[in-house]
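Reviewing the structure listed below.
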Amino acid sequence: MKEQRGFVSFMGLALDEARAAARRGEVPVGAVIVGPAGTVVARAGNRTRELSDPTAHAEILAIREACRLAGSERLGGHDLYVTLEPCPMCAAAISAARIGRLYYGAADPKSGGVAVGARVFSHPQCHHAPEVYDGIGAGEAEALLRGFFALRRN
């Protein structure tokens, strides 16, 4: 992980979105997109069940909204905070949107697409790879996920 001077984390807002997703019965993943001026431009939590849409991951929903507001399919200079390592689908969308920096909390050894599994940003066909910072708020993100799935198993 690279050091950034004057770093201000927006992971707390992503965790708020993850908690809201859990209250809706969704897997607790939240995402926040911050624009070049350091302001939040979009935020979302998972809504796959609510929308009956397997692509309604927090990252995808936040990217869609940020692109709509920007009037562009590209989000250069934007940062994405997400509570869980993006899956391959979301990593590909992050690349396509040209997001500048990705900050994520918990690693996803089962379905991750950044540090494990597909490693989308390392693939030779990846057109854009953001700077990646992992482990931001990982403990709280992991606890949310563990608690959510523990309740489902009982």
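The values are calculated or read from the model by the stated rules, or taken from the named source; none is laboratory data. What you see is a predicted model; the values in this text were computed from it and never measured. All Cβ positions, glycine included, derive from the backbone under ideal geometry; neighbour counts span all protein chains shown. Remember, those area values only see protein heavy atoms, side chains included, never the ligands or the DNA or RNA. Shrake-Rupley method; radii C 1.70, N 1.55, O 1.52, S 1.80 Å.
Taking θ = phi - 60°, what integer Hz values does the Karplus form 6.51 cos²θ - 1.76 cosθ + 1.60 yield along the stretch 78-95, in sequence order, with x for Gly and Pro?
9, 10, 10, 10, 9, 6, 10, 3, x, 6, x, 4, 5, 4, 5, 5, 4, 5
Over the stretch 21-150, what percent of the accessible surface lies on carbon and sulfur atoms, probe 1.4 Å?
The nonpolar share, carbon plus sulfur, comes to 53 percent.
Under a point spin-label approximation (7 Å from Cα along Cα-to-Cβ), what is the ARG146-ALA20 distance to one decimal in nm?
With each label placed 7 Å out from Cα toward Cβ, I get 2.6 nm.
Pull up the DSSP beta bridges for the stretch 1-143 and report the antiparallel fraction as a percent, rounded to 5.
Just about 50 percent of them are antiparallel.
Specify, per residue and in Å³, the volume enclosed by the convex hull of the alpha carbon atoms belonging to the chain.
About 107 Å³ per residue, rounded to a whole number.
Report, by chain and number, residues whose modeled amide H sits under 5 Å from the one on ALA42, excluding near sequence neighbours (fewer than 5 apart, same chain).
Amide H to amide H, under 5 Å and 5 or more residues apart or across chains, ALA42 pairs with ILE33.
For the stretch 101-143, what D do you get in µm² per second when you plug the Kirkwood radius from alpha-carbon pairs into Stokes-Einstein at 4 °C and 1.567 mPa s? Don't skip to the answer; put the middle values down first.
Values: Rh = 11.0 Å.
Estimated diffusion coefficient is 117 µm²/s.
Top mean-square fluctuation among GLU85, GLU131, GLU17, Gaussian network model of the chain, C-alpha springs under 10 Å?
Among GLU85, GLU131, GLU17, the largest GNM mean-square fluctuation belongs to GLU131.
Along the Cα→Cβ direction, 7 angstrom out, place labels at SER122 and GLU65. What is the inter-label distance in nm?
The answer from the label model is 3.2 nm.
Once the Cα gyration tensor of the stretch 73-113 is found, what semi-axes does its equivalent ellipsoid get, as square roots of 5 times the eigenvalues, in whole Å, sorted largest first? Write down the numbers at each step before the final one.
Working: eigenvalues 70, 26, 5 Å².
Square roots of five times the eigenvalues give 19, 11, 5 Å.
Using per-residue counts of other Cβ atoms within 10 Å, averaged over each peptide, order 86-97, 138-149, 103-114, 71-82 from highest down.
86-97, 103-114, 71-82, 138-149
Per residue, how much accessible area does the chain show when a 1.4 Å probe rolls over the protein heavy atoms, in square angstrom?
51
Each residue of the stretch 116-131 in turn: what ³J(HN,Hα) in whole Hz from Karplus with 6.51, -1.76, 1.60 and θ = phi - 60°, glycine and Pro shown as x?
Taking θ as phi minus 60°, the curve returns 10, x, 5, 6, 3, 6, 8, 6, x, 8, 6, 7, 8, 10, x, 5 Hz for the stretch 116-131.
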